[in-house]
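Remarks on the structure that follows.
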């Protein structure tokens with residue numbers, strides 16, 4: 001199982017074992033990471049937005065047009081922003097570090 005590190009808003013690091021095939025949002029919630037997601041993964045609310053660590057940005061698949069459109073609708077998004085509901089867990093993501101806003 002790939003290990004994912006969530007850096008919480010207060011700076012605390014929470015490492016989880018993610019399930020391959022789940023989304024980052026699903027794995028986070030299954031492991032007790034408190035992360036919002038009002039639209040239940042439909043990529044419309046941006047509440048599950050995370051900031052991807054710089055060392056990982058080029059290693060993730062590119063965001064879909066739908067994800068990009070959703071991120072463009074929020075004023076807080078940066079070039080590091082991704083929706084956790086749009087990132088599917090693979091073995092290649094072992095060690096991924098993301099920050100919660």
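Looking at the calculated P(r) for the range 1-82, what percent of the C-alpha pair distances fall above 21 Å? If you can, show how the numbers build up before the last one.
On the way: 904 of 3321 pairs.
Above the 21 Å cut-off, the range 1-82 has 27 percent of its Cα pairs.
Could you work out [θ]222 nm for the chain from helices alone, using -39500 (n - 2.57) per DSSP H run of at least four and dividing by all its residues? Round to the nearest 500 deg cm²/dmol. Numbers along the way, then the final one.
Numbers: 2 runs with 15 residues, N = 101.
Value at 222 nm, helices only, nearest 500: -4000 deg cm²/dmol.
Please work out the FRET efficiency for the pair residue 3 and residue 47, using the Cβ-Cβ distance as r and a Förster radius of 25 Å; give the result to the nearest 0.05.
Details: r = 24 Å, r/R0 = 0.97.
Step by step, r from the Cβ atoms, then E = 0.55.
Taking every DSSP beta bridge that has both residues in the range 4-101, what percent is antiparallel when rounded to the nearest 5?
Details: 10 of 13 bridges.
Within the range 4-101, antiparallel bridges account for around 75 percent of the total.
May I ask for the distance between the Cα centers of the range 8-31 and the range 33-71, given as a whole number of Å?
Measuring centre to centre over Cα atoms gives 13 Å.
Once the piece of chain linking residue 69 and residue 34 is laid out straight, how much longer is it, given 0.36 nm per residue of separation minus the C-alpha distance between them?
Working: separation 35, 0.36 × 35 = 12.60 nm, distance 2.46 nm.
Fully extending the segment from residue 69 to residue 34 adds 10.1 nm.
Between residue 12 and residue 76, what FRET efficiency follows from the Cβ-Cβ distance if R0 is 22 Å, with the result rounded to 0.05?
Details: r = 21 Å, r/R0 = 0.94.
Step by step, r from the Cβ atoms, then E = 0.60.
All of the numbers you see were taken from the coordinates with simple rules; none came from a lab. For clarity, every value in this text was computed on a predicted model and none was experimentally measured. Using ideal geometry, Cβ is built from the backbone for each residue, glycine included, and neighbour counts are taken over all protein chains shown.
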